[in-house]
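Everything below concerns the one structure shown next.
The values are calculated or read from the model by the stated rules, or taken from the named source; none is laboratory data. Everything numeric in this text was worked out from a predicted model, so none of it was measured. Glycine gets a Cβ as well: all are built from the backbone with ideal geometry, and neighbour counts include every protein chain shown. Areas reflect the complete protein model, heavy atoms only, side chains present, ligands, DNA and RNA absent. Shrake-Rupley method; radii C 1.70, N 1.55, O 1.52, S 1.80 Å.
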Amino acid sequence: MTAAVARRSDLRFRIGLNLRSIVGRAYPRVIGANREPSWIFFEAVLPLLSIAAYVYIYRAIALNQVAANPVDAPRILANMNALVASVVLGGAMVAFWLNVLWSMASQLYWEKEIGNLQLYMMAPMNRMALLGGMAVGGMFMTSVRAVSTLVAGVVVFGVVFQVANPLMLLAVFFVTLIALYGLGMFFASLYLLWGREAWNLSALMEEPIFFSSGFYFPLGGLYQSGGWGSVVAVLGSIIPAGLGLDALRQLTLGETAFGGKFWVLSAPVELEILVVLAVGFLILARYALAYLETLAKREGKLTSRHQ
Amino acid sequence: MNTYWRTFKTAAWLGWEMDSNWTEPWLFVIYSIVKPVAGAFILIFMYVVIWSINGIPDPHSFAFLYVGNAFFIFVGSTLFGTFQVIQSDREWYQTIRYVYISPISYYVYILGRAFSKIVVSVFAVLITLAFGVFLLASYGVQMQLTLDRLPLFFVSLALGLFVLLAIGITLGAATFLMARHSQTLAEAVPGVFYVFCGVLFPLTILPTWGQAIGEAIPLTYWFEITRRILLPFQLNTGLAGFDDLEILAFLLVSTVIFFALSIGVFKLGEYLARRAGKIDMTTSY
């Protein structure tokens with residue numbers, strides 16, 4: 001065994017190499033965000049307007065309900081505030097979901113189109129480190145938008161969050177992110193296989209997922225609608241954002257919000273499911289990536305563009 | 001003029017092929033319908049949830065937002081149709097240098113590319129409206145379109161779409177100078193109209209400064225007149241003092257202004273991009 005081969009098989013060297021790869025792939029996303037100030041505006045400020053639209057829908061209807069039944073005004077307004085808070089949390093999660101779709105799932109396909117994929121494939125690091133770096137950088141980029149959404153929710157819309165269990169909240173948040181980005185890593189491989197359909201698939205997974213995962217209303221409402229609504233809600237729960245949001249709403253609004261009747265499961269149970277989803281998606285991503293790499297090499301399509 | 005028409009026609013055909021030939025026609029039809037219908041379902045469940053929690057229905061507000069949201073499909077697809085042309089040609093297909101130096105109007109080329117998206121969105125709007133009329137009548141979605149109101153409807157629709165194209169190109173000119181990710185722009189800019197144009201709720205819900213912004217945007221008048229034509233009732237939107245023809249006149253004047261603005265801003269964006277050498281740049285991060 002030569003010294004070079006021995007070094008490449010050394011565990012410490014491999015861990016170091018992959019960690020450097022993660023940092024290296026995250027770096028352009030972190031720095032890129034700073035180099036394009038327009039992104040801060042488009043990523044952080046303008047999306048708030050869509051969220052504001054949903055907030056005003058709840059406000060408009062609630063004010064009409066108050067006018068119809070003034071005696072019940074305190075309860076109606078309390079419920080309205082909880083719904084507005086739900087929208088704000090959903091709006092923050094939308095940022096991560098869009099990042100997963102457009103900057104994780106579509107990324108390997110995009111790299112193939114612009115000619116970087118072959119360079120990645122020749123590099124000695126693990127491909128999962130490459131995807132991991134993309135995820136870390138993406139999370140950083142997206143956090144700007146998510147944080148600004150939350151701040152706007154509190155400052156502009158007067159949302160009040162009541163966090164009784166901050167550790168649980170952090171656990172749910174980070175496990176949801178890991179599961180989401182794990183799903184994005186899995187999709188990245190599939191998109192490489194699907195080629196040009198990939199872009200359209202990402203576009204297709206916006207509004208339908210916002211709906212089925214309850215980004216702008218409590219997911220329990222969809223579960224309780226019965227029939228096809230429940231089926232859609234179960235399917236939507238496969239996307240980690242659905243149960244993640246439900247748990248985050250319970251932990252920030254209190255279990256008694258909405259009369260306590262619109263929660264899917266308790267927050268600890270949802271956290272357990274999210275852990276399973278996170279591990280499952282990461283394993284799937286690992287195997288999908290290996291399979292796709294082999295398939296692409298065998299068919300000679302690894303570098304072919306516009307297909 | 002003949003060159004303009006040929007450019008428009010060819011660009012529209014190209015846009016249609018690029019949008020649709022990645023899959024089977026039936027799958028493309030489903031794809032084109034699922035997104036807007038899912039968007040409508042978000043609003044339906046928002047309404048169902050607040051109705052269920054507070055126990056008080058508000059069918060007029062629901063019909064108001066449902067119709068507004070259906071026509072907003074035009075806004076999203078037209079704006080995206082114009083925003084994404086420059087960046088997809090520049091970054092994705094890297095064909096912008098060839099199209100740009102060809103003896104055509106690039107402005108008309110973008111109009112043509114966006115037109116194919118408008119055609120597809122017509123079906124999505126019709127299906128969303130039909131869904132509302134036939135399946136959501138019990139929730140309060142009731143519409144009417146009498147024969148004598150048809151001309152007004154089509155004139156306002158044409159003006160609305162034209163002003164949308166003009167706004168799209170005005171803002172799309174900025175993408176000459178931006179890194180890729182026009183997707184973000186396409187997602188974010190309609191948000192401005194979503195909030196300030198009385199699409200989902202009456203303008204009167206907004207603070208005074210917000211109402212003033214809304215009244216300066218032509219789309220506000222398009223949504224107002226469309227709802228006056230289609231809905232059997234009127235909510236207080238703050239524009240009750242104007243009759244239908246006055247609203248139409250506002251729409252016409254603002255359409256002309258935005259058309260002129262779009263040409264000016266487009267030329268400016270083009271000039272700045274050429275000067276900075278950004279016409280065919282690629283940004284891969």
Point to revise | Radius of gyration and maximum dimension Dmax of segment B:2-275, Cα, Å | key: 19.3, 63
Review point. Could you give the dipole magnitude of segment B:79-225 about its Cα centre, charging the beta-carbon of Lys and Arg +1 and that of Asp and Glu -1, in debye to the nearest 20?
Key: 360
Point to revise | Within 10 Å of each Cβ in A:58-70, the average number of Cβ atoms from other chains | key: 5
Check your understanding: Pairing the Cα long axis of helix B:106-135 with the longest principal axis of chain B, what angle in degrees results, from 0 to 90 and rounded to the nearest 10?
Key -> 20
Check your understanding: For the pairing of chain A with chain B, what total accessible surface becomes buried, with a 1.4 angstrom probe, in square angstrom to the nearest 100?
Key -> 5400
Revision key, fill the gap. A convex hull over the alpha carbons of the protein assembly as shown yields, per residue, a volume in Å³ of 166
Point to revise | For the protein assembly as shown, with +1 on Lys and Arg beta carbons and -1 on Asp and Glu, the positive-most of B:74, A:213, B:22 along the dipole | key: B:22
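Given +1 on the Cβ of Lys and Arg, -1 on the Cβ of Asp and Glu, and no further charges, what dipole in debye does chain A carry about its Cα centre, rounded to the nearest 20?
The calculation lands at about 1040 debye.
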Check your understanding: Counting only protein heavy atoms, what percent of the accessible surface of segment A:3-299 is carbon or sulfur at a 1.4 Å probe?
Key -> 70
**Study point:** Positive-end residue, chain A charge dipole about Cα centroid, Cβ charges, pick of A:172, A:256, A:28
**Key:** A:28
Review point. Can you give the accessible area of residue B:281, probe radius 1.4 Å, in Å² rounded to 10?
Key: 40
Study note, to complete from the structure: So the carbon and sulfur contribution to the accessible area of segment B:131-277, 1.4 Å probe, in percent, is 70
Check your understanding: Label residue B:276 and residue A:116 with points 7 Å out from Cα along Cα→Cβ: what is the distance between them in nm?
Key -> 2.0
Revision key, fill the gap. Per-residue accessible area, 1.4 Å probe, largest first, puts B:138, A:9, A:230 in the order B:138, A:9, A:230
Point to revise | Top of A:294, A:149, A:252 by mean-square fluctuation, Gaussian network on chain A, Cα under 10 Å | key: A:294
Point to revise | Dipole magnitude of the protein assembly as shown about its Cα centre (Cβ charges: Lys, Arg +1; Asp, Glu -1), debye to nearest 20 | key: 1900
Review point. Which value, in Å², gives the accessible area per residue of chain B when a 1.4 Å probe is used on the protein heavy atoms?
Key: 41
Review point. Hey, what did chain A get for relative contact order, percent, Cα under 8 Å, at least 6 apart?
Key: 25
**Study point:** Kirkwood-based Rg to Rh ratio, chain A, C-alpha trace
**Key:** 1.03
Review point. How do B:197-206, A:213-222, A:130-139 rank on mean C-beta neighbours within 10 Å, highest first?
Key: A:213-222, A:130-139, B:197-206
Revision key, fill the gap. Between the residues B:159, B:171, B:231, the Cα farthest towards the positive end of the dipole of segment B:154-255, that dipole coming from +1 and -1 charges on the beta-carbon of Lys, Arg, Asp and Glu, is from B:171
Point to revise | Label-point separation, residue B:249 to residue A:255 (7 Å along Cα→Cβ), nm | key: 6.3
Review point. When the solvent-accessible surface of protein heavy atoms is calculated with a 1.4 angstrom probe, in what order do A:223, A:56, A:287, B:4 fall, highest first?
Key: A:287, B:4, A:223, A:56
**Study point:** Gap separating the Cα centres of segment B:119-176 and segment A:195-244, nearest whole Å
**Key:** 26
Review point. How many percent of all Cα-Cα pairs in segment B:1-120 sit more than 18 Å apart?
Key: 62
Check your understanding: Separation of segment A:72-123 and segment B:217-276 by C-alpha centroid, Å?
Key -> 31
